[in-house]
Amino acid sequence: MQRLDLRGRSLSLRELREGLPRAQFDVDAALYSVEPICAEVRAGGGDALRDLAERYDGVCPPRLRVPDETLQVALGALDPDVRAALEISIARARMVHRDQARRDTTTTVSDGGTVTERWIPVDRVGLYVPGGRAVYPSSVVMNVVPAQIAGVGSLAVASPPQKENTGALAGYPHPTVLAACALLGVDEVYAMGGAQAIAGFAYGFTDGADVCEPVSLVTGPGNIYVAAAKRLLKGRIGIDAEAGPTEIAVLADASADPELVAADLISQAEHDPLAASVLVTDSPELADAVSLAVERRAAATKHSERVCEALRGPQSAIVLVDDIEQGLAVVNAYAAEHLEVMTRDAASVAAQVRNAGAIFVGSFAPVSLGDYAAGSNHVLPTGGCACHSSGLSVQSFLRGVHVVDYTEAALAEVAPYVVTLAQAEDLPAHGEAVTARFESVGER
């Protein structure tokens with residue numbers, strides 16, 4: 001891993017953001033590839049989606065919608081240990097997300113004048129589950145649970161068809177993904193991946209007797225083409241985020257165990273050659289020990305080639321700082337998707353973090369805990385977006401709508417102020433819409 005020495009330097013926020021390592025992820029460039037794909041889906045519907053599946057996934061699904069019996073076959077064949085782990089993940093996610101439920105609030109502004117904020121779930125959502133280098137049943141859980149708790153009335157899952165599948169599962173998404181859908185009671189599942197899946201959700205389509213109605217919102221992580229399709233179709237659909245390569249930052253001092261730090265950096269590098277792993281520390285001795293541990297562990301792990309490419313890439317680094325205060329400035333500027341705090345009094349240090357998708361406190365809260373069974377959500381903002389965006393939650397599937405209810409007397413009380421402001425903005429008809437309500441019947 002490269003080293004970046006910031007000791008003795010006082011850097012502005014702009015200098016930090018420009019100088020810290022970050023994966024190169026050019027969504028704009030991917031738009032050129034994605035636009036014709038989305039146009040093809042809009043024009044050709046189900047037939048286009050089948051052709052695109054064969055072109056990009058190497059297999060044409062028997063049906064785009066996975067039959068109910070196929071979902072049950074996948075669930076019946078699920079390894080009992082995997083099923084038990086998924087059930088724990090689902091239970092904990094439901095426990096945490098249930099506490100995120102929003103309640104309507106009514107404010108009495110004046111006698112006879114109220115404003116109520118109602119929280120209304122999105123009517124229909126499309127939930128995307130990637131299926132490239134790894135299998136992500138956990139992403140089914142992280143998308144579906146908050147949508148269900150929010151009260152979304154109609155939800156559908158899409159995941160790429162797998163050419164390795166055989167028998168009843170041939171041409172459909174990975175069986176573990178299908179089993180997770182079945183466990184959660186999701187019966188509308190489609191064998192479609194990449195940009196074409198986002199387009200399919202956005203435009204809707206028919207496939208024989210099957211009809212996929214358009215959705216209002218699409219959530220879930222994916223590759224650069226999924227991100228580009230979300231950007232292209234935003235406005236027609238709402239999106240959670242344009243997810244980029246995964247990233248982990250670890251803020252650590254000399255008290256941290258270098259073996260644990262190394263293991264955690266490697267765990268995120270395992271996702272993708274573009275994954276970012278960043279250690280921020282005020283201890284040169286820890287930096288040296290982590291470097292050695294990373295080299296040894298990376299060589300021994302299953303996906304060593306992928307891991308080493310990510311760790312050696314320009315997006316990964318060990319950053320040396322003068323002290324934890326400067327380290328906090330660095331991690332707040334970096335705004336990592338995942339931030340681990342491994343310092344003395346880690347909880348106190350973590351409380352000073354303002355920008356991160358999720359914060360993992362101390363030596364016994366690795367990022368992989370959040371990926372699967374902490375109860376938190378692992379669909380998180382990447383690429384520095386954690387400085388302005390949140391991870392997926394129940395709130396992601398709700399819309400706040402203000403309901404204004406005023407009596408005649410309450411309107412009369414505030415009418416002069418409305419008229420004054422309307423005139424100040426040179427919008428007199430706005431004021432007249434108020435004064436018209438107090439004209440006599442004969443004057444109307």
Build a GNM of the chain with springs between Cα atoms under 10 Å: which of E432, E259, E164 gets the top mean-square fluctuation? E432
Can you spot the lysines whose alpha carbon is less than 30 Å from K163's alpha carbon? Ignore those fewer than 8 places along the same chain. K230, K302
For a quick protection proxy, order the peptides 110-118, 136-144 by their average other-Cβ count within 10 Å, most packed first. 136-144, 110-118
Return the single residue from E54, E413, E242 with maximal mean-square fluctuation; model: Gaussian network over the chain, springs between Cα atoms under 10 Å. E413
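Ranked by Cβ crowding within 10 angstrom, fewest neighbours first, how are T219, T166 ordered?
On the way: T219 27, T166 9.
Exposure proxy ranking, most exposed first: T166, T219.
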Report the residue, chosen from G193, G44, G327, that carries the largest GNM mean-square fluctuation when the chain is represented by alpha-carbon nodes joined by springs under 10 Å. G44
Options [x] 21.2; [y] 24.2; [z] 23.1 for Kirkwood radius over Cα pairs in Å; the value derived from the coordinates is listed as [y]
Given Cβ charges of +1 for Lys and Arg and -1 for Asp and Glu, the option among L233, C181, V349 whose Cα lies farthest towards the positive end of the dipole of the chain is C181
Cα centroid separation - the range 70-128 against the range 358-426, whole Å: 16 Å
Computed, not fitted: 222 nm per-residue ellipticity of the chain from DSSP H runs ≥ 4 (each -39500 (n - 2.57)), nearest 500, equal to -13500 deg cm²/dmol
Could you work out how far the C-alpha centroid of the range 131-172 sits from that of the range 314-333, in angstrom? 36 Å
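In the range 321-419, which trypsin sites (Lys or Arg not before Pro) fall in coil by DSSP and have 16 or fewer other Cβ atoms within 10 Å? Can you show the working numbers first?
Numbers: sites: R344, R354, R399; in loops: R344, R354.
Loop-located and lightly packed - R344, R354.
FYI, it's all coordinate maths here, none of it is from the lab. On a predicted model such as this, the values are computed, not experimentally measured, just so you know. Counting neighbours? That spans all protein chains shown, and the Cβs are built from the backbone with ideal geometry, glycine included.
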